[in-house]
Amino acid sequence: MADYSKMLTELGVNVGLHDELQKSLSRLHEKTHFSQKNRPETIRLFDEAFHKSHSSRVAEIKDHREKGGKSIGTFCIYVPEEIAYAADVIPIPLCGGSGWAVSYSDKVLPRDICPLIRSTFGMAVSGTCPFKKLKDLDVGETTCDAKKKAWDLFGFKVMEVPQKKNPLDRALWLGEVREFLQTMETLSGIRITEERLRGGISLMNQKRRALQRINAFRMLPNPPLSGLDALLVSQLALSQGIHEFIRNAEALSEELERRAESGISAYKAEGKRILIAGSPSPLGYAKLHHIVESAGFHIVADESCTGTRYFRDLVEEEDGDLDGMILALADRYMKIDCSCFSPNTERLENLLTLIHDFNVHGVIHHILQYCHGYNIEARFLEKELKKRGIPSLIVETDYSEEDTGQIKTRVEAFGEMLAEGK
Ligand code: BJ8
């Protein structure tokens with residue numbers, strides 16, 4: 001295996017601590033993903049990509065920059081990747097999923113904020129984020145309060161995501177998308193022509209279609225892919241090089257097709273079909289998925305930004321001019337049903353569609369600690385689901401292992417309730 005320590009040192013990474021981080025991530029991956037028995041052969045492409053996310057992926061971005069290309073750090077699926085690709089700018093999603101890094105953020109941020117943000121800044125503060133010197137700009141967004149204030153604190157560029165979806169809000173967002181396009185042009189020195197933007201849109205649609213295809217196999221009575229592995233694929237969709245990801249996703253789809261035809265399931269035994277809804281699970285974090293599937297459930301859908309929220313909607317690819325394409329892009333992004341919106345009624349509609357299409361028996365709301373938006377919204381969703389006879393369970397947690405036993409007990413009790421048909 002190639003040694004990347006020289007490159008990491010040049011990038012200002014604390015190699016000793018970085019080794020610790022990598023070991024903790026590998027141990028976790030072994031405990032969760034490698035402990036599954038009936039995985040598709042091609043899932044190894046994603047295991048490899050996971051392990052390469054802090055080595056050869058870093059080298060790829062470094063190489064891109066040495067050739068004059070640019071890259072930006074992103075933290076939310078509202079940042080229009082299509083525009084970045086149109087300007088040959090690589091978006092690097094930097095949401096932290098490592099529990100190991102969380103406490104390092106205490107030097108710069110309060111402790112009482114969600115682990116996703118703490119982990120993100122924990123990596124930066126501990127000197128274990130290899131991308132720190134590999135980006136020209138960090139693009140934050142006005143979603144939750146913790147994110148907004150953190151961006152201000154560190155002087156990031158901020159896209160204003162409106163909090164409502166009225167005509168005025170849509171106009172504001174369209175302006176933000178236009179401005180982001182100009183920022184990408186200035187940064188890269190590349191004018192985003194119709195052809196370039198069409199290329200960016202088509203590339204991202206290709207990626208989202210590849211994810212939709214994989215996800216559709218989870219509708220089957222015997223899903224050929226586990227929820228844990230489907231999560232890994234979605235997590236890597238955000239961080240792996242886009243062309244390699246699409247190739248790997250297509251190889252996995254072909255294998256899933258064969259497995260489906262032969263009735264090969266990812267699971268040893270029958271199990272109740274679960275949908276996980278709510279806060280995202282960034283790369284390196286799969287705690288709830290592991291607990292739930294270890295308890296014998298089949299996670300068949302993920303209603304989160306590391307799930308369908310990222311790939312459900314495509315950008316319309318009609319033959320339009322540049323303005324038309326920007327409008328289509330803005331429209332597509334306004335369909336994202338993040339809990340930062342008020343009201344966020346389409347989230348319930350989208351959730352019910354998933355429950356129906358994936359034949360879901362029960363919903364588990366995954367709430368990252370201090371994520372007030374998803375936490376409060378879960379109460380509304382729970383009530384609405386109950387009215388329709390769909391049981392749900394709210395689990396608030398963080399990246400630590402401390403509450404694993406307690407969650408396991410609650411998940412098992414939820415399973416008994418589902419089995420009794422309550
Ligand atoms: S579109 S979910 S990626 S904001 S978990 S940091 S919301 S306190 S990540 Fe998110 Fe964009 Fe919304 Fe998706 Fe805040 Fe909640 Fe933490 Fe979150």
Open item on the list: Can you tell me which condition P130 does not meet? The list is (1) over 22 Å from H64 (Cα atoms); (2) crowded, with 23+ Cβ neighbours inside 10 Å; (3) not β-branched (V, I, T), and all the others hold.
Closed with: (1)
TODO: Could you grab me the full set of residues in the range 11-36 that are of a type in the set (D, E) and either on the phi > 0 side of the Ramachandran plot or loosely packed, with under 12 Cβ neighbours inside 10 Å (or both)?
DONE: E30
Task: Failed item, numbered, when S55 is tested on (1) open to solvent by 10 Å² or more (accessible area, probe 1.4 Å); (2) in contact with a Pro (Cβ under 6 Å, 6 or more places away or on another chain); (3) small (G, A, S) - done: (2)
Open item on the list: Considering only residues that are open to solvent by less than 10 Å² (accessible area, probe 1.4 Å) and more than 13 Å from the ligand (Cβ to nearest atom), which ones fall in the range 309-324?
Closed with: V315
Open item on the list: I need the full set of residues from the range 201-217 which are open to solvent by less than 10 Å² (accessible area, probe 1.4 Å) and touching a residue at least 60 places away in the same chain (Cβ under 8 Å), in order please.
Closed with: I201, M204, N205, K207, R208, L211
TODO: Could you grab me the full set of residues in the range 218-255 that are open to solvent by less than 20 Å² (accessible area, probe 1.4 Å) and under 22 Å from I355 (Cβ atoms)?
DONE: R218, P223, P224, L225, S226, G227, L228, D229, A230, L231, V233, S234
Task: Of residues in the range 123-145 being touching a helix residue (DSSP H, G or I) at 6+ places or on another chain (Cβ under 6 Å) and within 16 Å of the ligand (Cβ to nearest atom), the one nearest to P93 (Cα to Cα) - done: G140
TODO: Can you tell me which residue among R44, R39 is within 20 Å of the chain's Cα centre (by Cα), more than 28 Å from C371 (Cα to Cα) and open to solvent by 40 Å² or more (accessible area, probe 1.4 Å)?
DONE: R44
TODO: Just name the residue that is surrounded by the fewest Cβ atoms within 10 Å (Cβ to Cβ) out of those in the range 294-308 that are within 16 Å of the ligand (Cβ to nearest atom) and not polar (S, T, N, Q).
DONE: C305
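For (1) within 18 Å of F46 (Cβ to Cβ); (2) open to solvent by 30 Å² or more (accessible area, probe 1.4 Å); (3) more than 15 Å from the ligand (Cβ to nearest atom); (4) of a type outside the set (V, I, T), each residue gets a yes or a no:
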| site | (1), (2), (3), (4) |
| --- | --- |
| E261 | no, yes, yes, yes |
| A269 | no, yes, yes, yes |
| K272 | no, yes, yes, yes |
| S281 | yes, no, no, yes |
| Y285 | yes, no, no, yes |
| V292 | no, no, yes, no |
- [ ] Just name the residue that is nearest to the ligand (Cβ to nearest atom) out of those in the range 146-183 that are surrounded by fewer than 13 Cβ atoms within 10 Å (Cβ to Cβ) and without any contact (Cβ under 8 Å) to a residue 12 or more places away in the chain.
- [x] D152
Task: Hits in the range 103-119 - residues which are open to solvent by 20 Å² or more (accessible area, probe 1.4 Å), assigned to a helix (DSSP H, G or I) and within 13 Å of the ligand (Cβ to nearest atom) - done: R118
TODO: Give me the pairs, please: first residue somewhere in the range 347-375 and free of Cβ contacts under 8 Å to residues at least 60 places away in the same chain and within 30 Å of A146 (Cα to Cα), second residue anywhere and within 16 Å of the ligand (Cβ to nearest atom) and open to solvent by 60 Å² or more (accessible area, probe 1.4 Å), beta-carbon distance under 6 Å, and either six or more positions apart or on two chains.
DONE: none
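The values are calculated or read from the model by the stated rules, or taken from the named source; none is laboratory data. Here the structure is a predicted model, which is why all the values come from computation and not from measurement. Note that we place each Cβ from the backbone using ideal geometry, even for glycine, and neighbour counts take in every protein chain shown. Each accessible area value is taken on the protein alone, full model and side chains, heavy atoms only, with ligands, DNA and RNA left out. Shrake-Rupley method; radii C 1.70, N 1.55, O 1.52, S 1.80 Å.
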